[in-house]
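Take a look at the structure below.
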Amino acid sequence: MRQEESFTRKRTIPHNAIVLVGDGCKALFLRNEGDEKFTNFVTEDVLVDENPMTRDQGSDKPGRAFAYAHTTRRSAMEPTDWHGIEEHRFAGRVSEALERLVRQRGAPALIIAAPPRTLADLRDTLHPDVKARVVLEINRDFTKQPVWEIERHVVASLASA
């Protein structure tokens, strides 16, 4: 193959490629049952985490700290972000499930679509050999969209990348 051809060739989504669409509470694992020319995403698995907002998880309001006993200087302590902590844990569980699926299916490529915070959590927790299969990361949340719409967005993002 000549050098000019390698730069002008479009990237494609190969057969059995895995597409992970997730956020901090839901993960859709899709697989391209089609080929490189005609994609056909099918749902392999769905993980949902029941993660209420922090205000619904906390026991009471945050405490206060006093600088010295003889002064009136006070400051409020930051409340614990239970919701955020659970989102980080969920990303770890999603990462483990993704690794199993990629290895079971022998996926040649991996595409991840998630909001920035979830993408960062997944990057931190993915095994290096699975991370090496990532061909595209999309910084958007598609979890509330139907599979055909996700497929359209992923194909368009890959074509413009």
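The values are calculated or read from the model by the stated rules, or taken from the named source; none is laboratory data. Keep in mind that this is a model prediction, so the values were computed, not measured. Cβ sites come from the backbone with ideal geometry, for glycine too, and all protein chains shown count toward neighbours.
Evaluate segment 82-90: report whether one residue or more is modelled with pLDDT under 80 and acidic (Asp, Glu). Yes.
When you scan segment 105-147, how many residues do you find that are under 20 Å from Thr12 (Cβ atoms), touching a Phe, Trp or Tyr at 6+ places or on another chain (Cβ under 9 Å) and of a type in the set (Gly, Ala, Ser)? Residues flagged as under 20 Å from Thr12 (Cβ atoms), touching a Phe, Trp or Tyr at 6+ places or on another chain (Cβ under 9 Å) and of a type in the set (Gly, Ala, Ser) within segment 105-147 amount to 1.
For segment 138-153: of the residues being of a type in the set (Asp, Glu) and buried (at least 16 other Cβ atoms within 10 Å of the Cβ), which is farthest from Glu87 (Cα to Cα)? Only one residue tops the list, namely Glu151.
For segment 119-129, the criterion of being at pLDDT below 95, within 17 Å of Ala161 (Cβ to Cβ) and either surrounded by 13 or more Cβ atoms within 10 Å (Cβ to Cβ) or β-branched (Val, Ile, Thr) (or both) is met by at least one residue. Here Pro108 meets the list (1) surrounded by 16 or more Cβ atoms within 10 Å (Cβ to Cβ); (2) not hydroxyl-bearing (Ser, Thr, Tyr); (3) not in a helix (DSSP H, G or I) almost entirely, failing just condition (1). Exactly one residue out of Val94, Val135 is assigned to a strand (DSSP E or B), at pLDDT below 95 and among the hydrophobic types (A, V, I, L, M, F, W, C): that is Val135. Of everything in segment 10-34 that is part of a loop (DSSP other than H, G, I, E, B) and under 16 Å from Gly106 (Cβ atoms), the residue that is nearest to the chain's Cα centre (by Cα) is Ala17.
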